[in-house]
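Notes follow once the structure below has been shown.
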Amino acid sequence: MNLLLGATTQQRLGVAFVVLLVLGWAIFLVYSLKRSGEAPGDEMITAPNRRPYFDDEALEGPRLERAQIWAVITLFITVLGLFVYWLDEPSRQAGAVVGFDKRAAHRGLVLFQPATSAIPEGNIGHFGCGECHGSVGQGGVVEYSITDDLGRSRPVKWSAPSLDDVLLRFDEDEVRQTITYGRANTPMPPWGVEGGGPMNTQQVDDLIEYIKEIQLTPAEAKERSVKMAADGKFDPNDGQKLFENYCARCHTKGWSFGEPETPGGGALGPNLTGRSTIGQFPDIDQHLELVSEGSQFKRPYGTRGEGSGRMPGFGLMLTEQQIRAIVEYERSL
């Protein structure tokens with residue numbers, strides 16, 4: 001019953017047709033068996049090939065006309081059926097695409113779950129993305145070991161970024177690149193086979209479909225930025241606080257594990273101190289554009305800058321006023 005409820009319209013029609021066909025054959029067999037109750041030898045008289053048939057006048061008159069009428073009726077039904085099927089074809093194809101994406105997103109959900117998840121799915125494994133990035137991609141904290149300049153390692157609690165807004169910061173190809181090859185010197189390992197990880201291309205695609213499904217809208221992301229400010233008891237347009245929440249992960253060494261060093265001093269991203277951003281962006285509008293749209297691979301920006309694709313854009317997550325506050329703070333460092 002669950003399979004029938006989840007079937008498409010075409011599948012339901014197919015099942016109905018098969019049921020009617022089987023019922024028709026059953027009725028025909030019952031009717032034939034009832035007619036066959038004749039005494040032995042009667043078939044010499046009652047056999048169809050020994051019975052008198054229609055004469056020419058009846059055969060080529062009313063009987064022929066009935067056959068022609070039924071032929072026209074069945075032709076009309078066939079033509080109308082093809083037309084009705086054609087009317088539904090565009091929506092059927094669109095529904096097939098949606099269904100394909102929904103099934104892929106569900107497989108991605110299963111992959112996203114930790115190994116202890118109660119979500120069963122045959123032999124599809126759980127890769128545990130939610131253990132670091134939160135159960136629904138809201139961000140989280142993970143244990144990690146860092147190594148200092150003398151080669152000594154120690155455990156820290158690493159703040160993993162949220163994924164429910166990652167496609168507001170990066171495009172799909174950039175997210176795929178990060179999943180496949182990971183981020184060196186962070187808890188994010190390579191997951192794709194090309195990067196040395198366990199996921200094949202289909203699994204990476206399924207995971208991205210799930211990430212697309214949990215994405216916040218730009219309005220929701222901007223509302224969350226205001227709520228974060230309220231929870232942190234600071235002005236939602238405070239450039240320094242916005243920088244700490246959205247930019248310091250890459251531009252301040254130690255921020256990710258709660259031991260920030262010089263604000264804007266550089267880490268994964270470049271050093272922003274010494275008023276270097278003013279030299280890179282003499283025109284503040286170019287600076288605003290980069291923070292809003294992010295960098296694109298090999299695309300120039302500012303003064304002799306060349307994009308790597310690693311710089312996210314925050315235009316869909318923050319208001320223009322908030323982006324300007326961040327830029328003014330960066331230009332003051």
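Taking the stretch 183-236 as the range and being β-branched (Val, Ile, Thr) and under 23 Å from Val141 (Cα atoms) as the test, the residues that pass are Thr186, Val204, Ile208, Ile211, Ile214, Val226. Listed by position, the helices (runs of 4 or more DSSP H) enclosed by the stretch 1-110 that each have at least 1 residues that are at pLDDT 80 or above, surrounded by 10 or more Cβ atoms within 10 Å (Cβ to Cβ) and not assigned by TED's automatic domain parsing to the domain that holds Asp164 are 9-35. Of the set (1) over 28 Å from Glu244 (Cβ atoms); (2) assigned to a loop (DSSP other than H, G, I, E, B), all apply to Arg183 but (1). Scanning the stretch 183-211 for residues that are of a type outside the set (A, V, I, L, M, F, W, C), surrounded by 18 or more Cβ atoms within 10 Å (Cβ to Cβ) and more than 26 Å from Ser145 (Cβ to Cβ) yields Gln203, Asp206, Glu209, Tyr210. Hey, does the stretch 144-158 have a residue that's closer than 19 Å to Ala248 by Cα, under 20 Å from the mean Cα position of the chain (by Cα) and either exposed (fewer than 14 other Cβ atoms within 10 Å of the Cβ) or not β-branched (Val, Ile, Thr) (or both)? Within the stretch 144-158, not a single residue is closer than 19 Å to Ala248 by Cα, under 20 Å from the mean Cα position of the chain (by Cα) and either exposed (fewer than 14 other Cβ atoms within 10 Å of the Cβ) or not β-branched (Val, Ile, Thr) (or both). The set of residues from the stretch 249-264 being of a type in the set (Gly, Ala, Ser) and surrounded by fewer than 18 Cβ atoms within 10 Å (Cβ to Cβ) comprises Gly254, Gly258. Per this entry, Asn245 is counted among residues that are touching a residue at least 12 places away in the same chain (Cβ under 8 Å) and either under 30 Å from the mean Cα position of the chain (by Cα) or within 17 Å of Arg310 (Cα to Cα) (or both).
Residues that are of a type in the set (A, V, I, L, M) and at pLDDT 90 or above were ranked within the stretch 147-169; the one that is nearest to Lys212 (Cα to Cα) is Leu167. Within the stretch 211-223, can you find the residues that are free of Cβ contacts under 8 Å to residues at least 60 places away in the same chain and outside any loop (DSSP other than H, G, I, E, B)? Listed by number, the residues that qualify are Ala219, Glu220, Glu223.
Applying the selection to the stretch 87-116, what residues are closer than 22 Å to Asp164 by Cβ and hydroxyl-bearing (Ser, Thr, Tyr)? Listed by number, the list holds a single entry, Thr116. On the given criteria, is Val136 under 18 Å from the mean Cα position of the chain (by Cα), under 30 Å from Gly254 (Cβ atoms) and not in a helix (DSSP H, G or I)? Against the criterion (under 18 Å from the mean Cα position of the chain (by Cα), under 30 Å from Gly254 (Cβ atoms) and not in a helix (DSSP H, G or I)), Val136 qualifies.
Taking Arg224 as the residue in question, decide whether it is surrounded by 16 or more Cβ atoms within 10 Å (Cβ to Cβ), within 29 Å of the chain's Cα centre (by Cα) and of a type in the set (D, E, K, R). The answer is yes for Arg224.
The values are calculated or read from the model by the stated rules, or taken from the named source; none is laboratory data. Predicted, not measured: the structure shown is a model, and the values here were computed from it. As a convention, Cβ positions derive from the backbone with ideal geometry for all residues, glycine included, and neighbour counts pool all protein chains shown.
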